[in-house]
Every structure is written in C-alpha cells, then in structure tokens.
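The block underneath contains the structure these notes are about, expressed in structure tokens.
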Amino acid sequence: MIEISNLKIEFNNEIIYNNFSTSIKKREKVAVIGKSGKGKSTLLNLLAGFIPDFEGEVKINGEPLNYVNISEIRKQIAWLPQETALNFKSVNELFFAPFEFDLNKKLKPSDKEIKTIFDELELSINLLKKKTKEISGGQKQRVILASCLLLNKAILLIDEPTSALDDNIKKKVADYILSKKDLTVIAATHDDYWIGKSDRIIELM
C-alpha cells in the first residue's frame, strides 16, 4: 500500500532522512519507534502530504505522492497529530469538524455509530454537550480519534496515540484500533503495549 524509496529529507541543513526505504502492506499495523528527533512525526507528516520538499519516491496505492495526486491520496488517509491546533469551543464542534469538509460531508456518522465508537473508546456521549475546556487532554485525544475512525479511511496515521491516557484506557484503545482488520495503521509511538501489539516495527536510528 505504501512504498518509500531512497527518501531524503533535510530541514535547516539537518538531514532527517537519507536514502531511507521501506514498504507497508495493506491492512498492516506498523509502529514507528525511535528517540525524539529521529523523524517519527516527520514520516507521518510526509505521508499526509504536508512535506512537499523531499528527494526520492513515495507511492501510496501505486500513486506517486506529489502535488498532482495529493487530493486523491488524502481521500484515503485519516491523520491524528500528537498536538492539535484545533481551538473549537465545544466538543461537538471539535468532533464534527472533519465532516464539514466537502470531501467528508456524506460520511457524517449516525447517532448510533457515534455512541458505539464512544463506548469503545471509554467516552461518554454526553461529552458532546461540553465545552472543550471542560474535558481532559485524554478525552480530547479520544474524541478526535473517534472522528478519524468514523471517516472510514483506508489508512490511519497517528502520532503518539496513547500519550495522554492512563494504562487501562491505553490498552483498550490500542486493542480496538489494532483489531480493525481493514485498516492500515502507521503509529509513531513510545508505548510498549502498542508496540507489542503491532504487526511490525520500523525503528528509526
């Protein structure tokens, strides 16, 4: 599903990737690990189309990742960054924000679908009535994750998916996402449980 060949990325004269190659199969659950600054988030940003300047070749479902194809490629991808700059006042606005884009309006979930995924992620449906400042960082992270999953994209890019969660909820979230058979998951993570449950590890040195 994803092929990266001879990738080179450089920021401010610092080489992040140099001649890096890897491939990821359809439906594979991949944990990207490595020390801070080794390029975990950069790899996810690249696959989401947010790093236009790179050398080498990146293909997603056989299509080269470039400005010509990026719109079509993004139709296949849901992306959850580690930190979001989404300053919505209400949780309801935060949750439904991805479904306001023309591309996703037809994907707006039913109340039943929302309740089901909130239950799986240990969230109360009543959170949708709250202001974002009234909920915890872990709850906010899971609300955005619920939106990503309900978009029903083929690929989920997720940066530190359990960073704001306690151990019990971490395991439930990991088990739920990594059990989705039709989903290709690429997660940058330090979480030993998530890493252990993944199909494969890409370690950045």
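All of the numbers you see were taken from the coordinates with simple rules; none came from a lab. In this text the structure is predicted, and so the values were computed from the model without any measurement. Cβ placement follows ideal geometry from the backbone for every residue including glycine, while neighbour counts extend to all protein chains displayed.
Could you grab me the full set of residues in segment 100-141 that are acidic (Asp, Glu) and farther than 19 Å from Lys89 by Cβ?
So the first thing to find is which residues in segment 100-141 are acidic (Asp, Glu), and the list is 100, 102, 111, 113, 119-120, 122, 134.
Scanning segment 100-141 gives Asp102, Asp111, Glu113, Asp119, Glu120, Glu122.
For segment 1-49, how many residues are of a type outside the set (A, V, I, L, M, F, W, C) and either part of a loop (DSSP other than H, G, I, E, B) or out of contact with any strand residue (DSSP E or B) (no Cβ under 9 Å at 6 or more places or on another chain) (or both)? Reasoning before the result, please.
As a first pass, look at segment 1-49 and keep what is of a type outside the set (A, V, I, L, M, F, W, C): 3, 5-6, 8, 10, 12-14, 17-19, 21-23, 25-29, 34-42, 45, 49.
Within this subset, residues satisfying the condition of being either part of a loop (DSSP other than H, G, I, E, B) or out of contact with any strand residue (DSSP E or B) (no Cβ under 9 Å at 6 or more places or on another chain) (or both) are 12-14, 25-28, 34-39, 49.
Here the count works out to 14.
So is Ser147 in contact with a Pro (Cβ under 6 Å, 6 or more places away or on another chain) and surrounded by 15 or more Cβ atoms within 10 Å (Cβ to Cβ) or not? Quick ask: steps written out before the conclusion?
Working: in contact with a Pro (Cβ under 6 Å, 6 or more places away or on another chain): yes; surrounded by 15 or more Cβ atoms within 10 Å (Cβ to Cβ): yes.
So Ser147 fits the description; yes.
Counting only residues that are in contact (Cβ under 8 Å) with a residue 60 or more places away in the chain and buried (at least 17 other Cβ atoms within 10 Å of the Cβ), how many does segment 2-37 have?
Selection size over segment 2-37: 7.
Return the residues of segment 150-186 that are of a type in the set (Ser, Thr, Tyr) and buried (at least 21 other Cβ atoms within 10 Å of the Cβ); say none if nothing qualifies.
Thr162, Thr184
Conditions (1) outside any helix (DSSP H, G or I); (2) among the aliphatic types (A, V, I, L, M), marked per residue:
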position: Ile114; (1), (2): no, yes
position: Glu122; (1), (2): yes, no
position: Ser163; (1), (2): yes, no
position: Lys171; (1), (2): no, no
position: Ile186; (1), (2): yes, yes
